[in-house]
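The values are calculated or read from the model by the stated rules, or taken from the named source; none is laboratory data. On a predicted model such as this, the values are computed, not experimentally measured, just so you know. Note: ideal-geometry Cβ built from the backbone for every residue, glycine included; neighbour counts use all protein chains shown.
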């Protein structure tokens, strides 16, 4: 077993790291008290950071992955790349990343054959200008974003359509 091959100091370091990870990723607390320590963890592999992020949520992921775009582009680990795509997408919907930065990365991730495996956001939170960009190049984006873009644009058109009966009454057609 791998753990049995570790020295006593390595086991202590492993246990301390696990305790820190569990504490820092407890969803009931904010990560703000730990942010200083978390920024000192770039030596952790992207896979370990992605796992920590799954447990700790978007706020923790944002601290752990200042290099998300690079990892999405360069990692050979498909699971990690999917996690990066998901985080970037989520950050765009949350407003942590601007859509102008996120959309090209989502497109690039999709061109690699990656799809965001997580929750689907409410279509109304997709900005109109982003929906137009997706509509203009639907084959470049994941289907759930194409559907969201279509929903956003359809709702906008619905809001502008005037009922024939109201127009007829107002203009005295009948």
Self-check item: For residue 104: the one exception among (1) surrounded by fewer than 19 Cβ atoms within 10 Å (Cβ to Cβ); (2) touching a helix residue (DSSP H, G or I) at 6+ places or on another chain (Cβ under 8 Å); (3) modelled with pLDDT of 90 or more
Solution: (2)
Quiz item: Would you call residue 69 under 17 Å from residue 46 (Cα atoms), part of a helix (DSSP H, G or I) and either in contact (Cβ under 8 Å) with a residue 40 or more places away in the chain or more than 10 Å from the chain's Cα centre (by Cα) (or both)?
Solution: yes
Practice problem: Tell me which of these residue 64 doesn't satisfy, since it passes every other one: (1) modelled with pLDDT of 75 or more; (2) surrounded by fewer than 20 Cβ atoms within 10 Å (Cβ to Cβ). | Solution: (2)
Quiz item: Which one of the conditions (1) outside any helix (DSSP H, G or I); (2) surrounded by 13 or more Cβ atoms within 10 Å (Cβ to Cβ) does residue 113 fail to meet, given that it meets all the rest?
Solution: (2)
Quiz item: Could you say whether any residue in the stretch 122-131 is crowded, with 16+ Cβ neighbours inside 10 Å, farther than 12 Å from residue 88 by Cα, out of contact with any helix residue (DSSP H, G or I) (no Cβ under 6 Å at 6 or more places or on another chain) and modelled with pLDDT of 90 or more?
Solution: no
Exercise. For the stretch 152-171, indicate whether the set of residues that are in a helix (DSSP H, G or I), within 27 Å of residue 53 (Cα to Cα) and at pLDDT 90 or above is non-empty.
Key: no
